[in-house]
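Notes follow the structure.
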Amino acid sequence: MDHTPPPFFNRGPAPLVRLAFFASLSLALLVLDARFRYTESLRGVIALAVYPLQTLATLPAALGERLSAYFASQAQLREENAELRARLLETSQAAQRYEAAHAEAGQLRRLIGAAERLPVKSTPAEILYNGRDPYSRKVVIDKGTRNGIRAGSPVVDASGVIGQVTRAHALAAEVTLLTDKDQAIPVQVVRNGLRAVAYGAGASGMLELRFMASNAEIQNGDRLVTSGIDGTYPPGIPVATVARIERDAAYAFARIVCQPAAGVERGRYVLVIENESRQAQPPEEAGAPADKRPVKVRKQRRRDGDAAQ
């Protein structure tokens, strides 16, 4: 059987001859290109012609890389944003703690200066919490009878009077603030020496000068200090400033509202003043021997008895 193709399909030389021809041509072109660089211009033309095809061929891979890079950058940005928010929160908390510490240090410095200015012994204390009774103005401090604190001791801060110790325990004490409705303190106007009594106004956080005549010589902005006549508060400690005066001819007394000078509703550290003052004795008894008058009586009786004899 004859396996040769018919003449219609028999075109050109045999495949082996063509292979040898093209291999020889390739080697010749390689040699010529390596030696004389004749095909550089042809290679540039071919590269320019096939560039669109290369771009289309690499487009899916480039799009995939860009999409993966986009999603990776989005995830990285989310992580960085979360980390930055956490750092910002930590920084803000640190800044708040720094501001609180700075304010506390300033308050302590002012308190130390106030303690040095006071003529009597004082004990620093820290306010622990407010009183549990919503209808009273009280705070609890961290010093008690073990530290020499006793009921009746005045309590001040760097600006003025805070209140008075009303109950003392071993490790804590209760302080009634000046603004409590049951608290009163004798005061004196710095400008003219006028004496009065300031009462707490309760929830308003203010003080009132009660039973002051409508024509009393007092005006807005007058500073009030302790008068010292009660034997409890040392004289000259700031108490309040007159904020508002209401005079009405129909009433015998004026309504005078004062703003406390001290941080009655704020602050953390206070000074408890040791109350060593004593009430002065009447002139007749002060410095007089206890048996002076009875001696005189006995002598008079003896004289009367001698006269009778």
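Please treat every number below as a calculation from the coordinates, not as lab data. From a predicted model like this one, the values you see are computed outputs, not experimental measurements. Methodologically, a virtual Cβ is constructed for each residue, glycine included, from the backbone with ideal geometry; neighbour enumeration extends over all protein chains shown.
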Most exposed first, judged by fewest Cβ atoms within 10 angstrom, GLU208, GLU40 run GLU40, GLU208
Nitroxide proxy distance, nm - points 7 Å out along Cα→Cβ at THR91 and VAL31:
7.3 nm
In debye to the nearest 20, the charge dipole size for the stretch 13-117, taken about the Cα centre with +1 at each Lys and Arg Cβ and -1 at each Asp and Glu Cβ, equals 200 debye
What does the extension gain come out to for TYR70 and ALA250, with contour length at 0.36 nm per residue minus their alpha carbon separation?
56.5 nm
Fewest to most Cβ atoms within 10 Å: SER41, SER159 sort as SER41, SER159
Gyration tensor on Cα atoms of the stretch 13-117, a ≥ b ≥ c root eigenvalues, a/c under 1.5 rounded, else prolate if a/b beats b/c, else oblate, says prolate
